[in-house]
Structure formats: structure tokens, C-alpha cells
1. Considering only ALA3, TRP50, PRO32, whose Cα is most displaced toward the positive end of the charge dipole of the chain, charges sitting on Cβ of Lys, Arg (+1) and Asp, Glu (-1)?
2. Is there a quick way to get the dipole size of the chain? I mean about its Cα centre, with the Cβ of Lys and Arg at +1 and of Asp and Glu at -1; what is the value in debye to the nearest 20?
3. Applying 1/(1 + (r/R0)^6) with R0 = 25 Å to the Cβ-Cβ distance of ARG16 and ALA49, what FRET efficiency is obtained, to the nearest 0.05?
4. At 1.4 Å probe size, with every protein chain present, just tell me what the per residue accessible area of region 8-47 comes to in Å².
5. Test of the criteria: in region 1-35, which trypsin sites (Lys or Arg not before Pro) are in a DSSP loop and have at most 12 other Cβ atoms within 10 angstrom of their Cβ?
6. Note the full-extension length gain between VAL8 and ALA29 as 0.36 nm times their separation in residues minus their Cα-Cα distance, in nm to one decimal.
7. Could you check how much of the accessible area of the chain is carbon and sulfur, as a whole percent, using a 1.4 Å probe?
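The values are calculated or read from the model by the stated rules, or taken from the named source; none is laboratory data. As the structure is a computational prediction, the values presented were derived from the model and not from experiment. Ideal geometry is used to build each Cβ from the backbone, glycine not excepted, and the neighbour counts take in all protein chains shown. Calculation scope for accessible area: heavy atoms of the full protein, side chains included, ligands and nucleic acids excluded. Shrake-Rupley method; radii C 1.70, N 1.55, O 1.52, S 1.80 Å.
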Amino acid sequence: MTASHLTVRLNRVGIRARASRNTALLLAAQIPASVLSDVLGISITCAVAWSHDAGNTRPG
């Protein structure tokens, strides 16, 4: 399944993927990666990468 196909399917059931992504990146910029990992249920490696990409300079 492609990303665009998944987006279309999510939109059909009322989930706006772009808005969710933007909210996750906003969180990533404001909270430590360890907390982001717990809150979103993602790996710590992914949370660290998102935090870095979002400009978060907080450790952990």
C-alpha cells in the first residue's frame, strides 16, 4: 500500500493524516524523546529522530 492510498483510506473514515503528523511533530519539538516514545507508542530510535528533525534540543 502506498502512502497516498493509505491517506485516502484514512480520510474516508475521518482521520486527517496531515493534521496528525503536524501534531506529532509539534510534540516532538516540545517534549523529550523518551516521553514522545511512550506517548505515541513508537520506538525510542524513531522518537529521537523525530525530535532531532523537529529541532528539539532536549536530552532524552
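1. Ranked along the dipole, the leading option is ALA3.
2. Numbers: 6 positive and 2 negative charges, 66 e Å.
It comes to approximately 320 debye.
3. E between ARG16 and ALA49, to the nearest 0.05, is 0.60.
4. About 68 Å² of surface per residue is accessible.
5. Loop-located and lightly packed - ARG16.
6. The span from VAL8 to ALA29 would gain 4.8 nm if fully extended.
7. Result for the chain: 60 percent of the exposed heavy-atom area is carbon or sulfur.
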